[in-house]
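The values are calculated or read from the model by the stated rules, or taken from the named source; none is laboratory data. Note that the structure is a prediction, hence the values are computed from the model and not measured. Every residue, glycine among them, receives a Cβ derived from its backbone with ideal geometry; neighbour counts consider all protein chains shown. Keep in mind that these areas ignore ligands, DNA and RNA; they rest on the heavy atoms of the full protein, side chains included. Shrake-Rupley method; radii C 1.70, N 1.55, O 1.52, S 1.80 Å.
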Amino acid sequence: QPLSANDKAALLTIEDVALWMEGFAPDKSLESFSKKKYLDGSYEIDYEFDDPSNEAAPYVMCSIAVEPKASDALISYTAMQAGLNIGFGAEEGVGQVERNDLFKWGDSSKFCLLEAEGTPVGVVFSARKETRVFLITVSGIYFDVSSDIEELLGKKLRALERLPAP
């Protein structure tokens, strides 16, 4: 499925993250976008930026699910949480440190700093509001000031709320 302007407005991308990195210019050819629509009308929108050849480049992933019912969104949110826990549990020396004091949103959310050997290296944020689920993983840069996190994510989450229901 092609992405609409509204879909793109809700995704956190390398452009958003690069604004916080002085002198960093991302290679936009390394971005990938996808949108999948399912028989029940639900849809997923995914974004990834990965530049393994550039050590200074952060990794950015954003995933959105829009479900027909809030109960379906709760299942998607729970599955995303489980996937994150498995994924980061397998990565040697990297862990999630829950910091919901920094940022909360929606009906349920979890904000974590990614730490490698005790040093922050990124963030993971997952949230659900009504029928919408939002997930980001950013590594190579981290955000640990509430106002900065609001500035980074606020517009994206408001755009997420405007995405059409199935």
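Relative to the longest principal axis of the chain, what angle (0 to 90°, nearest 10) does the C-alpha long axis of helix 146-162 take? The helix 146-162 is inclined about 20 degrees to the chain. 3J(HN,Hα) along the range 15-27, derived from phi through the Karplus expression 6.51 cos²θ - 1.76 cosθ + 1.60 where θ = phi - 60°, amounts to 4, 5, 6, 4, 4, 9, 10, 4, x, 8, 10, x, 7 Hz, with x in place of Gly and Pro. Ser126 contributes about 0 Å² of solvent-accessible surface, heavy atoms of the protein only, 1.4 Å probe. Residues Tyr38, Tyr59, Tyr77, sorted by accessible area with the largest first, give Tyr38, Tyr59, Tyr77 [1.4 Å probe; ligands and nucleic acids excluded].
A straight Cα-to-Cα reach below 17 Å connects Lys37 with the aspartates and glutamates Asp7, Asp46, Glu67, Asp72, residues fewer than 8 places away in its own chain not being considered. Note on surface exposure: Phe88, Phe111 rank Phe88, Phe111 by accessible area, highest first, 1.4 Å probe. Leaving out ligands, DNA and RNA but keeping every protein chain, what accessible area does Met80 have, in Å² rounded to the nearest 10, with a 1.4 Å probe? The accessible area comes out at roughly 40 Å².
If you take the square roots of the eigenvalues of the alpha-carbon gyration tensor of the range 1-66 and sort them as a ≥ b ≥ c, do you get rounded (a/c under 1.5), prolate (a/b over b/c) or oblate? Prolate, since a/c reaches 1.5 and a/b exceeds b/c. Here the extension length gained between Glu161 and Glu15 equals 50.5 nm, from 0.36 nm per residue of separation less the Cα-Cα distance.
Under a point spin-label approximation (7 Å from Cα along Cα-to-Cβ), what is the Lys28-Lys104 distance to one decimal in nm? Using points 7 Å along Cα→Cβ, the separation is 3.8 nm.
The magnitude of the dipole of the chain, with charges of +1 and -1 set on the Cβ of Lys/Arg and Asp/Glu and taken from the Cα centre, is near 860 debye.
For Glu67, the solvent-accessible surface computed with a 1.4 Å probe is close to 20 Å², ligands and nucleic acids excluded. Computed over protein heavy atoms with a 1.4 angstrom probe, the accessible surface ordering of Trp20, Trp105, largest first, is Trp20, Trp105.
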